[in-house]
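Engineer: Let me give you the structure first, and then I'll get to my questions.
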C-alpha cells in the first residue's frame, strides 16, 4: 500500500524490532498519523497569523500590540517544537528503514513497548533519555 508521503508503507516486518512490538506497517501508520497532525497544526497556525492589527480597540492603547507580540512569540515557539518533533519522526522512519527502530540510539538496548506505544518516534530508552535530560 503506497501512501502520499516520502515513506511508503511496506508489508514486511523488521526482524530486529523487539518482540511484542507493532509490525512495520502499523508503526509507519502511527508515525504518519503523528506527522500529519503536526503538519496540520503548523498549517493551522500559519493560517491564523494576523497580517494587520484588528480594528477593535479596548481603550488601553498599547495592549493590543503587546498581545499580538505575545501571540507571535508563542506561535514561533510552537512552530519550533513542531519542527523538532517532525525531525524526530523523520529519524524514526530512517531507523525503521534501517532495521534499528525500537532500539536506543545511545546504548543499543531495546526501547520498551510501552514507551514506543506512547512515543512512536522515541529514539532513546528511558534510562538514556533520563541521563540526557539530566546532563542539560
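Engineer: Residue 120 passes all but one of (1) at pLDDT 95 or above; (2) in contact with a helix residue (DSSP H, G or I) (Cβ under 6 Å, 6 or more places away or on another chain); (3) crowded, with 17+ Cβ neighbours inside 10 Å; which number fails?
Structural biologist: Single failed check for residue 120: (1).
Engineer: Another question about this same structure. State yes or no: is residue 33 modelled with pLDDT of 90 or more and closer than 30 Å to residue 116 by Cα?
Structural biologist: So residue 33 passes the test.
Engineer: Here's another thing I want to ask about it. Quick one: which of 41, 87 is surrounded by 11 or more Cβ atoms within 10 Å (Cβ to Cβ), at pLDDT 95 or above and part of a helix (DSSP H, G or I)?
Structural biologist: The conditions single out 87.
The values are calculated or read from the model by the stated rules, or taken from the named source; none is laboratory data. Given the structure is predicted, the values throughout are model-derived calculations rather than measurements. Every residue, glycine among them, receives a Cβ derived from its backbone with ideal geometry; neighbour counts consider all protein chains shown.
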